[in-house]
Amino acid sequence: MLDSSLSGKKQVAPWLRPLWDGMDFDNIPNAILLHGQSGIGKFTFALELAKALLCESKDIAARPCMQCEACHWFNTGNHPDFIALVPETHRKFLPFANYESDEPPKKTKAAREDSDSEPSEKKEKKVISIEETRSAIESLSIGSHRGGNRVILIYPLEMLRADSANTLLKSLEEPPANTIFILLADRVDRVLPTIRSRCRLLTAPRPDREIGLSWLRSELAGVKGLKVNDSDIDSIYDEQGGAPYAVLESMLARHHQDDKDELSISIQATRYLLQAMSQGGRINWLDTAEKTHKAQYAYLLAAMQRWVSDLQSVAQGASPRYYPRHLSTIQGLAQSTKIPKLHLFWKSLLQARRHENHPLANRVQLEALLSQYQQIFEA
């Protein structure tokens, strides 16, 4: 668990330190777009950056100083010049909330949402409303409370609805004085080109495997009662695509055994999904879709994409990247794979990921994809 009282140097993950050290706090642009793989620490980095920009220490190199009134207000979630636009699913990431990573959090305040789940089931909203965006933008016409910078953080940027994105664009075209936008995106390709062109793009790198694993083991060592062996850590790290924060949250969710937590549901569903996909042409795609469709659709698609990526690699004589411990199973499937159909299925997955956040019927989408997956192994 991250401690918001730590200094910026300690909060920023080691693989993001070069990015932090390269920040010129004397010449910060009006808008920064930080993008990179989900689960690598972008949000923690952005919070430290926001805190540093609001810090009132005269020593710029020491910001955030953690001593001034501005830093204290920020840590308690009460800084009047810090505005965060995040959907309900991400509010636990904000200052003074308990958060572990920059992946989707546990449920807090529920909201009714149309879906193909049970009518009585409640889910948190996953988009930033136009009302919230307009309210934040309108507040910019008022001068900052402390007479210094004002920071607006938006995460994840690609989750903005079209009307909200257009409202943001107008502010980026004519930015108010002393106002800095920190925008975060897991998929920069889904951000409007007109918004991208008005920001300074910063790419958050994924860590080298040894650095990421070392950080992860250090974080897990501080979790009371958590017992996990190195082989499990290595396997989950690979399965999550080398994203340390994503692995940390996955393991914490499993440790707390919260069956109602959205991430826990997605982890369990993903395990069942991969077991089914390991059956190749014998997969019961209807049953698999029935037992997994209530999980996060994006989470399921990511797992399917990683599995198929490994299948393509092995079919071409290379080694699997994400599921090396399932090498023998993947090798067996690769021998009966019809390569042209495999490539078509990969394109279908890419297309599905472009629309993974749309309010579509997840079960129907999964049935279609899993049925196509079964056909990969048919003559």
**Complete:** Note on TYR299: of the conditions (1) surrounded by fewer than 20 Cβ atoms within 10 Å (Cβ to Cβ); (2) assigned to a helix (DSSP H, G or I); (3) in contact with a helix residue (DSSP H, G or I) (Cβ under 7 Å, 6 or more places away or on another chain), unmet is (1)
**Request:** Just give me the residues in the range 39-70 being touching a residue at least 60 places away in the same chain (Cβ under 8 Å) and outside any helix (DSSP H, G or I), in sequence order.
**Result:** GLY39, ILE40, GLY41, GLU56, MET66
**Request:** Just give me the residues in the range 71-97 being more than 23 Å from the chain's Cα centre (by Cα) and touching a residue at least 40 places away in the same chain (Cβ under 8 Å), in sequence order.
**Result:** PRO80, ASP81
**Item:** the range 229-250, residues that are in contact (Cβ under 8 Å) with a residue 24 or more places away in the chain and hydrophobic (A, V, I, L, M, F, W, C)
**Value:** ALA243, ALA246, VAL247, LEU248
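Got at least one residue in the range 312-333 being charged (D, E, K, R), within 16 Å of LEU370 (Cβ to Cβ) and touching a residue at least 12 places away in the same chain (Cβ under 8 Å)?
Filtering the range 312-333 for residues charged (D, E, K, R) gives 321, 325.
Okay, now just the ones that are also within 16 Å of LEU370 (Cβ to Cβ), so none.
Looking through the range 312-333, none of the residues is charged (D, E, K, R), within 16 Å of LEU370 (Cβ to Cβ) and touching a residue at least 12 places away in the same chain (Cβ under 8 Å).
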**Asked** Mind checking whether some residue in the range 74-81 is in contact with a strand residue (DSSP E or B) (Cβ under 8 Å, 6 or more places away or on another chain) and modelled with pLDDT under 90?
**Response** no
**Message:** Could you go through the range 281-301 and let me know if any residue there is under 13 Å from TYR323 (Cβ atoms) and not basic (Lys, Arg).
**Reply:** no
**Asked** Within the bounds of the range 238-245, is there any residue that is part of a helix (DSSP H, G or I) and at pLDDT below 85?
**Response** yes
**Item:** Where a residue in the range 165-193 is within 24 Å of ARG354 (Cα to Cα) and modelled with pLDDT of 90 or more and its partner, wherever it lies, is among the small types (Gly, Ala, Ser) and buried (at least 16 other Cβ atoms within 10 Å of the Cβ), with Cβ under 7 Å and at least six apart
**Value:** ILE182/ALA46; ILE182/ALA50; LEU183/ALA31; LEU184/ALA46; ASP186/SER38; VAL191/ALA185; LEU192/ALA165
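For the range 286-296, enumerate the residues that are part of a helix (DSSP H, G or I) and crowded, with 20+ Cβ neighbours inside 10 Å.
Filtering the range 286-296 for residues part of a helix (DSSP H, G or I) gives 286-292.
Result: THR288, ALA289, THR292.
The values are calculated or read from the model by the stated rules, or taken from the named source; none is laboratory data. None of these values were measured; they are calculated from a predicted model. With ideal geometry, Cβ positions are generated from the backbone for all residues, glycine too; neighbour counts draw on all protein chains shown.
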